[in-house]
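Note sheet for the following structure.
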Amino acid sequence: MLKFKKNLLVYCLVAAPLISAQNLTDNLILDEELSALRAINVTKKSTFSDLCKLVLIHRNELEKYPTDEERCARLAELGIYDTKSVDYIHLTPLKKGAAAKTAIRLHKLETTLLFQLLGWEWYAIQNAEALGILEKGSNSWDELSGEELITMMDLALAKALEKDGWMKEKNPYKEFGFDSYQDMDKKTKPESTPAPETKPEKENGNP
């Protein structure tokens, strides 16, 4: 599994060499999504509206919700983040704690016991650091640039795909080109050669 040190979506935007991580960006990047990603990437201080856009891009749902208000309401509906508590989604700076909490819940990543029980953003930071999707030494109240937000979300997506690969049962016969032992046995068993027919010997005195 590729270890992402820069966000994959930014690579795509600047036409860097293509990186394959189980088709990580399949169905993620459409025209409207590219415009949103470019805008987020150059933002010095990301806001909750940026977070909501990015979450729906990862869910391939951006075009279903035409306004930022609807997009943020979708996050609350899914239980990813309580955006109803945010008064001005376009003006409220996004903090690392909120972004970490969102990334972990969005991609259903492994959670620490304290974060699972309490759901506090401080524990989300520690959880994100343990997962490797956020640099160590972060504070929950630190603000995020758009590029940092995209990077965190892409790392969370890559971690989810990596976990998904671990959970899938591997077929040991696939590497040999077979679906099962029976298939391998059938296709590799040498065909038996039929024994030649033998004519019965003639009895003495009979023609």
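So the values come out like this:
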read-out	value
Selection count, the stretch 85-119, where residues are in a helix (DSSP H, G or I), within 20 Å of Glu143 (Cα to Cα), out of contact with any Gly (no Cβ under 9 Å at 6 or more places or on another chain) and of a type outside the set (A, V, I, L, M, F, W, C)	4
Qualifying residue in the stretch 132-139 (condition: part of a helix (DSSP H, G or I), under 30 Å from Thr47 (Cα atoms), of a type in the set (A, V, I, L, M) and modelled with pLDDT of 65 or more)	no
Count of residues meeting criterion [over 15 Å from Gly97 (Cα atoms) and not in a helix (DSSP H, G or I)] in the stretch 38-57	3
Residues of the stretch 96-124 classified as under 27 Å from Glu33 (Cα atoms) and out of contact with any Phe, Trp or Tyr (no Cβ under 8 Å at 6 or more places or on another chain), total	7
Selection status of Thr102, closer than 20 Å to Val55 by Cα, modelled with pLDDT of 85 or more, surrounded by 11 or more Cβ atoms within 10 Å (Cβ to Cβ) and polar (S, T, N, Q)	yes
Which listed residue is out of contact with any Cys (no Cβ under 6 Å at 6 or more places or on another chain), under 19 Å from Leu155 (Cα atoms) and either surrounded by fewer than 19 Cβ atoms within 10 Å (Cβ to Cβ) or at pLDDT 95 or above (or both), from Leu118, Leu94, Leu78, Leu113	Leu94
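The values are calculated or read from the model by the stated rules, or taken from the named source; none is laboratory data. What you see is a predicted model; the values in this text were computed from it and never measured. Reconstructed Cβ throughout: ideal geometry from the backbone, glycine too, with neighbour counts over all protein chains shown.
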